[in-house]
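Some notes on the structure that comes next.
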Amino acid sequence: SMSAAEDAEWLQWVTKQFENIAGEDKEISLEEFKAALQVKESFFAERFFVLFDVDGSGTISLEELLKALSLLVRGNEIDKLRFLFQVYDVDGCCCVPAPSLSTHGVPWAPAGSGSIDPDELHVVLSWCLQESAITLPEERLRDLTLALFEAADKDHSGSITFEELQEELEAFPEVMENLTISAASWLKPPAPVERSHWPRYLTQAYWHNHRAQLTFLGGYTTLNMLLFSLAALQHAALGAWLMVARGCGQCLNFNCALLAVLMLRRCLTWLRATSMAKFLPLDQHVVFHQLVGYVVLVLGALHTGAHIANFSRLAEQDGHHKLTEYLLSPHPEVGGLAGTASQTGLALQGLLATMLAFSSPCIRRSGHFEVFYWTHLSYISIWTLLILHGPHFWKWFVVPGCLFTLEKGLGLALRGAQSMHIIEVNLLPSKVTHLVIERPQSFHYKPGDYIYLNIPAIATYEWHPFTISSAPEQQETLWLHIRSLGQWTNKLYEYFQQLESPRPELKPLSRSLRERRCQHWAQVGTDGAQLLGSLAISHPCQCYIDGPYGTPTRRIFTSEHAVLIGAGIGITPFASILQSIMYRYRQRKQSCPSCHYSWCDELQDEDMTLRKVDFIWINRDQKHFEWFISLLTKLEMEQAELEPGGQFLEMHMYMTSALSKNDMKAIGLQMALDLLAAKEQKDSITGLRTRTQPGRPDWNKVFGKVAEEKRGKVQVFFCGSPALAKVIREHCERFGFRFFKENF
């Protein structure tokens, strides 16, 4: 119950929101109501509107809104349940006449038949499916209707009464307590934001989870300050401007060499296998590369500005030379090869600014990756100009430069040896291209590794990074799942989409093979035609691969309790890892030769110390699950075979477009899905044994359950959007879990 102060605050909030929603007539029309509720389909908006509009005037007044909301927001379970019952009691039409006030003051006392028959339930569940963006065959909808109706119709009378619905929902007390209409921000005031006494960046958990990055950043900053100070002091006699210029110049020597070190992918992959991986922020090497790039641009601007100020001073003192002569003409006293330091410096500043401008996320993610790619190749010109510009840069660059040249040379040599062929292509929903590549015997990689791919038929010179989605134990082929997000990936999808093209190298899969591929979708109640296209390639399409390169996911096998979280196509690295985990788990399984009793060997090897794996896959809608459902089904079957009833690998599926059980527009559907899943041991949405949960995960509950299991030190591995990564990282810090993010 609310206090008097809370009650007054709530009343003020609803009144204010009413004024924002209502028109000049101070009444809420049906269209305004729909917009405020943010309801996708009109069915539920119309049902709610009729129940709110007590006097049947066709509009909702402030008094009617307050009366209705007071029951929904602050009412007891019976009040909420009565409203839910009225929503479902449609009497075979979309709207019922406005109910009159009951003797108890409840504005939605039973009207019409006062009971829910199977046809009414079927209508409501069909609208529930649309509201949650779930597509199921008509037969599956009838199964859901029947499952819910049989469970609720306790007396087998052929209809569900209010009392029967109440009895059925008593099994879900937490649902009834929180039952509301979602996405209506005007229902109640926003909850106050909990603020910690200390800023997040000063908490012990934050420093513990970022110790490698913070140590590296601290060392990097200290070294730059030391280099600047020493160089500036050495030139103190030459004036303040030259002190700044020389200090920045020395820092530029170090930073321009460090830029190369941070992109030595083969060296970094090798370091991941050493003890140094615990102390170096190898997972953030791209982020630090970007940071150092910004530092170089700032230092370059300060260095150039200080020299220009010094040249201006010299021009005033000298009187024989103008500032433009110092900048545009070679002068031996200026420095550089043949006195060209000014000219090479200006050229460097222009190249650096261009490279930085075309490296911005808006360029790379807007379908213009090739602009980023080609402008970034100017690093060759930059390093050449730096050697000509600065007399001491070569000393800083000799070791990183040799390693960089060696890596590039090795990459070019291996690319010739790693010429491969695409032997099969599957076009999946949401424009995902599944490439099956013939794997040479000499190509070795670890789960979660990524490669750079070049397909000359798509673009001759472009190389793009993709995570390998097949397990290393899969000897014959290499799998890549590529989502169409940019120009190159869209071109790839369109290239293979042309099934009826006269190109000789492409042909559709045979009818029988295609039918076998689609059989799985039919079994799980999904239209098999959604597997958009499968191509067998009679004349294999040539491709080149550079790699493999390591990622933070290599740490998964040496964890004790690993939590793998993939959002959308972010499942790709975990697809390979889950297959490899189950392969190693199968190898570790022991059995008694006499009685055939089997158990899991607790003496874990160095390669895999895992005791428990939680896999969480979050998708926006139903069709995205089709990317890896067959793989997850196989993993479930393997676990059931190896450890009946065991929970070594526990899966959690979330569909964010589906409304939660607490929502009146979804409670019936979610109850029906639960009942049918329990009956058939199969989820109606994916076909997995694991039930797909609606909405977004409640990370406090998810991580709280993980912490309670006490299966060892917990490490969380995430691949997905940066916004979700930030949320999960903060929860990991709260629970004391280590957090690792896959960077593309």
Item to complete: Run down the lysines and flag those whose C-alpha is under 25 Å from the C-alpha of Lys16, throwing out any fewer than 8 positions away in its chain.
Response: Lys26, Lys34, Lys40, Lys67, Lys80, Lys188
Worksheet entry | Residue list for the stretch 559-580, given a label point 7 angstrom along the Cα-to-Cβ vector of Lys701 and an amide N cut-off under 19 Å | 564-566
Worksheet, complete the sentence: At R0 = 41 Å the Cβ-Cβ FRET efficiency linking Thr324 and Leu291, nearest 0.05, sits at 0.70
Item to complete: Please give the solvent-accessible surface of Trp127 in Å², to the nearest 10, using a probe radius of 1.4 Å with every protein chain present.
Response: 60 Å²
Item to complete: Lys and Arg at +1, Asp and Glu at -1: add these up for the other residues within a Cβ distance under 12 Å of Ala260 and post the number.
Response: +1
Fill in: Linear extension gain, Arg738 paired with Lys634, 0.36 nm per residue minus alpha-carbon span
34.5 nm
Item to complete: Considering the options Leu346, Phe254, Leu280, tell which one lies farthest towards the positive end of the dipole of the stretch 211-413, charges being +1 on Lys and Arg and -1 on Asp and Glu at the Cβ, about the Cα centre.
Response: Leu280
Fill in: Positive dipole terminus of the stretch 370-499, leading residue within Asn426, Leu478, Leu388 (C-beta point charges)
Leu388
Worksheet item: Using the beta-carbon distance between Val727 and Thr558 and R0 = 30 Å, what value does 1/(1 + (r/R0)^6) give for FRET efficiency, to the nearest 0.05?
Response: 0.70
Discussion item. Between Lys154 and Val371, what is 0.36 nm times their sequence separation minus the Cα-Cα distance? Round to one decimal in nm.
Written reply: 71.4 nm
Worksheet, complete the sentence: Descending packing, highest mean Cβ count within 10 Å first, for 659-672, 386-399 is 659-672, 386-399
Worksheet item: How far apart, in nm, are two points set 7 Å out from the Cα along the Cα-to-Cβ line at Glu19 and at Glu167?
Response: 5.0 nm
Worksheet item: Remind me, relative contact order of the stretch 211-413 in percent, using alpha carbon pairs under 8 angstrom and six or more residues apart?
Response: 21 percent
Practice prompt. Between the alpha-carbon centers of the stretch 388-462 and the stretch 241-289, tell me the distance in whole angstrom.
Written response: 21 Å
Discussion item. Given a 1.4 Å probe and heavy atoms of the protein chains only, how would you sort Glu638, Glu24, Glu131, largest accessible area at the top?
Written reply: Glu24, Glu638, Glu131
Item to complete: Provide the gained length on full extension for the span Leu346 to Leu406, in nm with one decimal, where the gain is 0.36 nm per separating residue minus the Cα-Cα distance.
Response: 18.6 nm
Worksheet entry | Two-site FRET efficiency, Ala212 against Ile363, from Cβ-Cβ distance with R₀ of 30 Å, rounded to 0.05 | 0.50
Item to complete: Please report the base-10 log of the normalised intensity I(q)/I(0) for the stretch 212-276, using a Debye sum with one equal scatterer per alpha carbon and no solvent, at each q in 0.25, 0.29, 0.30 (1/Å).
Response: -1.03, -1.15, -1.17
Worksheet item: From the phi of every residue in the stretch 242-249, what ³J(HN,Hα) in whole Hz does the Karplus formula 6.51 cos²θ - 1.76 cosθ + 1.60 yield, where θ is phi - 60° and glycine or proline is x?
Response: 6, 4, 5, 4, 5, x, 5, x
Fill in: In Å, descending, principal axis extents of the Cα set of the stretch 211-413
61, 37, 32
Practice prompt. Please report, in debye to the nearest 20, how large the charge dipole of the stretch 211-413 is about its Cα centre when each Lys and Arg carries +1 at its beta carbon and each Asp and Glu carries -1 there.
Written response: 720 debye
Worksheet item: Going from most exposed to least, what order do Met420, Met637 have by accessible area with a 1.4 Å probe?
Response: Met637, Met420
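The values are calculated or read from the model by the stated rules, or taken from the named source; none is laboratory data. Since we're looking at a predicted model, the values are computed, not measured. Neighbour counts are summed over all protein chains in view; Cβ atoms, including those assigned to glycine, are modelled from backbone coordinates with ideal geometry. With ligands, DNA and RNA removed, areas are computed over all heavy atoms of the protein, side chains included. Shrake-Rupley method; radii C 1.70, N 1.55, O 1.52, S 1.80 Å.
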